[in-house]
Structure formats: structure tokens, C-alpha cells
1. Among the residues of the range B:350-366, which ones are in a loop (DSSP other than H, G, I, E, B) and open to solvent by less than 20 Å² (accessible area, probe 1.4 Å)?
2. State the number of residues belonging to the range A:66-82 that are away from chain B (no Cβ under 14 Å), within 15 Å of A:Asp13 (Cβ to Cβ) and open to solvent by 10 Å² or more (accessible area, probe 1.4 Å).
3. Across the range A:88-111, what is the total count of residues that are outside any helix (DSSP H, G or I) and either free of Cβ contacts under 8 Å to residues at least 24 places away in the same chain or open to solvent by less than 100 Å² (accessible area, probe 1.4 Å) (or both)?
4. Regarding the range A:128-148, can at least one residue be identified that is in contact with a helix residue (DSSP H, G or I) (Cβ under 6 Å, 6 or more places away or on another chain), open to solvent by less than 40 Å² (accessible area, probe 1.4 Å) and not in a helix (DSSP H, G or I)?
5. Of everything in the range B:383-410 that's away from chain A (no Cβ under 13 Å) and either polar (S, T, N, Q) or in a loop (DSSP other than H, G, I, E, B) (or both), which residue is surrounded by the fewest Cβ atoms within 10 Å (Cβ to Cβ)?
6. Could we say that B:Ile302 is within 14 Å of chain A (Cβ to nearest Cβ) and of a type outside the set (Phe, Trp, Tyr) here?
7. With respect to A:Val124, determine if the residue is outside any strand (DSSP E or B), touching a residue at least 12 places away in the same chain (Cβ under 8 Å), within 14 Å of another protein chain (Cβ to nearest Cβ) and among the β-branched types (Val, Ile, Thr).
8. Considering only residues that are among the aliphatic types (A, V, I, L, M) and closer than 20 Å to A:Ala122 by Cβ, look in the range A:72-99 and name the one that is nearest to the chain's Cα centre (by Cα).
Amino acid sequence: MKLDSMYQEIILDHYRNPHGKGLRDGDAEVHHVNPTCGDEITLRVRLDGAVVADVSYDSQGCSISQASASVLNDLVVGKQVGEAQQIQEAFLELMQSRGQSEGDEDLLEDAVAFAGVSKYPARVKCALLSWMAWKDATAKALGGQPPLTD
Amino acid sequence: MTHSHLTGLLDTDAIRKDFPVLSRQLHDGKPLVYLDNAATSQKPRQVLDALNAYYEQHNANVHRGVHVLAEEATALYEGARDKVASFINAPSRNEVIFTKNASESLNLVANMLGWAEEPYRVDADSEIVITEMEHHSNIVPWQLLAQRTGAKLKWFSLTDEGRLDLSNMDELITEKTKIVSVTLVSNLLGTVNPVDAIVRKAQSVGALVAIDASQAAPHAVLDVQALEADFVAFTGHKMLGPTGIGVLWGRQELLEDLPPFLGGGEMIETVTMGSSTYAPAPHKFEAGTPPIAQAVGLGAAIDYLSAIGMDKVAAHEHAITAYAIERLAEVPDLRIIGPRTAVDRGAAISFTLGDIHPHDVGQVLDEQGIAVRVGHHCARPVCLRYGIPATTRASFYLYSTPGEVDALIDGLHHVRNFFG
């Protein structure tokens with residue numbers, strides 16, 4: 001069934017047991033909404049030098065947007081900011097692929113499960129909500145400065 | 001499921017043959033179950049044929065030119081105005097203004113009042129009254145008017161049952177109130193509002209009343225004289241017509257007194273470089289080339305609805321809605337947001353399903369060919385009022401069948417299994 005390509009078991013697992021959910025201390029906070037469906041996220045980023053020390057969030061929305069935030073937390077926490085930004089760009093590219101890309105599993109890990117979502121234009125924004133919030137919050141945390149590198 | 005106990009149903013087998021899209025099959029052979037009628041209705045062949053015939057035989061600009069096509073196009077466009085006037089029992093065809101949609105109609109009222117002379121002028125001493133159950137199209141124009149004039153915006157709140165709370169009407173509608181704008185039927189809750197009580201109160205303080213009939217005009221008899229309001233707005237595409245055509249009805253003496261909003265061709269009497277005088281209503285409010293084909297299409301839609309009879313359409317939808325409410329009660333964890341009986345209720349039913357997000361409900365229903373709307377339905381304050389982020393909404397029309405209600409119920413059980 002076609003629907004299974006969107007609702008991969010990995011996505012439903014992240015939806016039922018989201019990783020890193022809840023708001024904790026951060027260097028910057030943003031609030032993003034998806035005005036067409038009412039999904040919302042408040043997201044904080046804490047940086048430790050050039051490392052993403054924490055991504056915490058409070059959100060409400062569909063399984064796709066919730067699972068995506070959980071996968072985001074898994075993928076970027078502990079990474080160098082530059083590396084995390086590469087992952088974010090790869091995820092954005094995957095979601096804009098209209099089902100034509102399978103994604104780089106070495107880079108995107110669990111996030112390649114969202115490849116099926118890219119076939120549903122109405123749901124791409126759900127998958128991207130937390131990632132766009134993270135990008136925005138990280139830019140704020142950096143205060144316009146490029147990240148330090150080790 | 002047997003449906004023999006349902007009374008007042010239309011002959012949907014015959015009606016559905018007029019709607020080409022209803023025979024579509026989706027996702028490998030599943031018949032389309034179209035339950036998103038509060039967003040927009042499907043179009044019968046008669047409307048599509050009228051649009052085609054207009055473009056193939058009569059296309060010209062209206063109210064100018066002396067050639068045959070210009071005269072035919074003008075007659076068709078103005079003929080559509082006659083049909084609308086008759087459909088809503090307007091005292092005069094000159095009270096029917098064609099707009100782009102209901103949003104434009106309501107924005108037009110707000111702008112007429114913002115630029116008006118006394119006694120209609122909305123200014124810093126004025127109050128505007130709306131309700132918490134309005135579609136954004138009947139909230140934002142009034143917020144804009146309040147921000148631009150300094151007027152105060154007030155609103156009726158909602159009861160837990162999804163009805164208007166009229167208990168503080170005397171505090172809300174006062175001598176300062178210039179305009180009360182209220183929906184006749186809520187697009188999210190399905191509630192039919194007791195606008196007569198509001199109209200009487202508004203009249204007693206000399207306030208004008210605008211009624212958003214977007215969810216009413218397609219579904220029941222709409223009589224602007226019986227409503228006793230000053231303005232009534234609705235849109236064509238929810239009542240079998242094309243997109244791009246809406247209506248604002250206004251009382252003639254008001255339309256004579258109130259200033260135009262958009263300026264341009266068509267709406268003038270004479271123009272010099274220094275100033276202009278304006279055409280009488282309705283043309284004063286129809287600047288530029290109007291949506292001609294769309295008006296003709298709306299006229300055909302009105303012919304179609306009138307041939308069936310709006311009282312019969314209302315009876316059909318009442319039976320379907322009552323049946324849907326009864327069957328939705330069978331689905332575990334389902335909570336209807338809005339009145340839980342079919343009394344004073346339209347054919348839009350919003351609900352939540354446990355903690356499964358409406359987006360996910362809608363996606364799994366779509367896979368079964370069932371089209372519903374999910375989200376806040378352009379009525380976000382209603383969602384805030386009931387502490388929910390969004391709802392799933394099933395909404396019916398004259399071609400909806402009890403079998404489609406059954407398909408929805410089966411689909412919702414499948415949704416629960418899928419996410420269970």
C-alpha cells in the first residue's frame with residue numbers, strides 16, 4: 001500500500017516515542033507555525049563552542065512533523081554546527097525531491113525514512129517545520145557569526 | 001447498513017450523474033467519497049456547459065460596445081444578477097453586487113464603512129461586534145478597520161456546546177456599535193446561529209448588521225428580507241458555481257449613501273482629470289471588468305438548485321447530518337466539536353479522534369478515496385476556544401449519500417487501527 005511509503009515504521013516509532021522532546025535551556029529560541037494546518041513548534045538551540053550541545057522543543061502536530069523533530073534531535077545534537085548544517089541541507093534537498101531521491105543514508109540515517117513523504121506536497125512542510133526552526137534558531141544563536149571550529 | 005429509516009433524501013443516483021467528478025476513482029479503483037463540501041462544492045455538467053457556451057458563443061466585455069456579442073454578454077451577466085436577486089428574495093436586483101468571493105464582499109462592507117460619512121462612519125468612538133466562531137474572512141477585515149480607525153473590536157464568545165453565548169448581548173451591542181457582523185452558519189462547528197435576536201438588538205441601537213451566509217446560501221432557503229439584515233455576503237463556488245464569483249447584497253438606501261471602495265472602469269458616471277461622479281449601485285461597487293463567465297456559471301448553478309428546491313436540499317442534508325452524527329458516535333475516542341444533535345445545525349461536522357492528529361486522519365482517509373478537510377478551517381479562534389490544534393471536518397451536500405457516511409465510518413475505524 002502506498003501509504004506505507006509515507007508512514008514508515010521508523011517514523012511511527014519516533015512519533016510514539018519522540019527523542020529529546022521538552023524545552024530545556026538554550027542560547028536561542030524560535031517559534032514556527034505551519035499556517036495551513038496549525039502545527040506549531042517552539043525550539044531552542046544550545047551551542048557549546050562549535051558543537052550543537054542541545055536541541056530542545058515543545059511541539060504539536062501530525063505524526064510526520066513530530067517524528068521529524070525527534071529525528072532532528074538525534075541527528076544534530078553532538079555534531080559540529082557546520083556538519084549539522086550539511087545534514088539540514090541534505091534533508092531539505094531530500095524533502096524537495098518529489099519522491100525522486102532516496103537520500104544519503106550515511107549522512108541522514110533515520111531521516112531517509114522521510115523520502116516517501118516527499119511525494120506528498122501537502123506534507124513536505126510538516127516534515128520541514130522543525131528543521132527550518134532549527135536553522136533559524138541556530139542562526140540566532142550564532143548571532144550572525146560563523147561557527148567556531150575546533 | 002440499511003438506510004431505509006432515513007426520510008427526506010433526494011434521488012442522489014440521478015443527481016450524481018450530473019457531476020462528472022463524482023464518478024472518479026482514486027488510488028487504484030477506490031470511488032471518490034467527496035466530503036469537503038464546506039470548502040468547495042463540485043460542479044454539475046449544467047454549470048460547466050454554461051461556462052463553455054458563454055466562452056464559445058457569447059464572449060465579450062459587458063456594458064460597452066454595441067455589437068451583438070457585447071449585448072449578449074451583458075444580457076447574460078445581468079441575467080445572472082436577476083437570478084441571484086430572485087434566489088435570495090432581494091427587493092431589487094440593484095441590491096446585488098458581484099464580487100470575487102465572500103471575503104471580498106465582507107472587505108467591501110468594512111471599507112464602505114471606513115470611508116463613509118456620518119451616521120455610518122466607523123471611527124475611534126465606534127465599536128464593531130463580531131463572534132468567536134467567524135471564518136477569518138469575517139474577522140480580519142474588521143481587525144484591519146479597527147486598527148485603521150481606532151474603533152474597538154468586540155465579540156460574542158461560545159458555549160461549551162458550540163453555540164453563541166448571547167448572555168452578554170446588552171454589553172456587547174451598545175449605542176457605540178456601528179456594525180455587527182456575524183455568520184449565519186459556522187464553517188467549523190456547523191452551528192446555525194439565531195441571528196434574528198442579534199438583528200433585533202442591533203436595530204434597537206441603530207447599528208448595521210452584516211451576515212456571512214457563505215455556509216448558508218448553498219444549503220437552505222436564504223431570504224434577505226426575512227433576515228432583516230443590512231448586508232448579506234456569500235460565495236458562488238460553495239453552491240455549485242465556479243470560483244471567482246461572490247455576492248454582496250445590501251439594502252438599496254445604504255448602497256446609495258455609502259461610498260465606493262475600488263475605483264476604475266465601469267463604476268463611474270463621468271470622469272474629469274480633477275474628479276469623478278459614480279454610477280448608481282450596484283455598478284458603483286463593481287470597478288473593472290467583472291467576472292462575467294463566472295457570474296453566468298453562478299446563474300446556472302442557481303437554476304440547478306432552484307429546480308431541485310432549496311427546502312428539499314436542506315431536508316436531504318438534515319437527514320444525512322443526523323445519520324452521520326448517529327454513526328460517528330460508534331467510533332471510539334471520537335469527539336464532535338460543535339453541536340452533537342442535528343438541531344439548528346448545518347452539514348459540516350468537525351471532530352477529533354483520540355490523539356491522532358487530523359493531518360494523519362485525513363491522509364489515511366485519502367488513501368481510501370475519502371476527501372475531508374483537516375486543519376483549523378480558517379477559524380483558528382474556534383480551535384483555541386476548545387483547546388485543540390485542529391480538527392477533521394466532513395461536510396455534506398445535496399449529492400452526499402448515506403453510503404458515503406458509512407464509508408467515512410469504516411475509514412475512521414481503519415485510521416484507528418493504523419495508528420493504534
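The values are calculated or read from the model by the stated rules, or taken from the named source; none is laboratory data. Everything numeric in this text was worked out from a predicted model, so none of it was measured. Every residue, glycine as well, gets a Cβ built from its backbone with ideal geometry; the counts of neighbours run over all protein chains shown. These area figures cover heavy atoms from the full protein model, side chains too; ligands, DNA and RNA do not enter into them. Shrake-Rupley method; radii C 1.70, N 1.55, O 1.52, S 1.80 Å.
1. Of everything in the range B:350-366, just one residue is in a loop (DSSP other than H, G, I, E, B) and open to solvent by less than 20 Å² (accessible area, probe 1.4 Å), namely B:His357.
2. Total satisfying the criteria: 2.
3. Qualifying residue count, the range A:88-111: 8.
4. Checked against the condition, which is being in contact with a helix residue (DSSP H, G or I) (Cβ under 6 Å, 6 or more places away or on another chain), open to solvent by less than 40 Å² (accessible area, probe 1.4 Å) and not in a helix (DSSP H, G or I), the range A:128-148 yields no hits at all.
5. It comes out as B:Thr401.
6. It is false that B:Ile302 is within 14 Å of chain A (Cβ to nearest Cβ) and of a type outside the set (Phe, Trp, Tyr).
7. Against the criterion (outside any strand (DSSP E or B), touching a residue at least 12 places away in the same chain (Cβ under 8 Å), within 14 Å of another protein chain (Cβ to nearest Cβ) and among the β-branched types (Val, Ile, Thr)), A:Val124 qualifies.
8. Looking at the filtered set, the residue picked out is A:Leu92.
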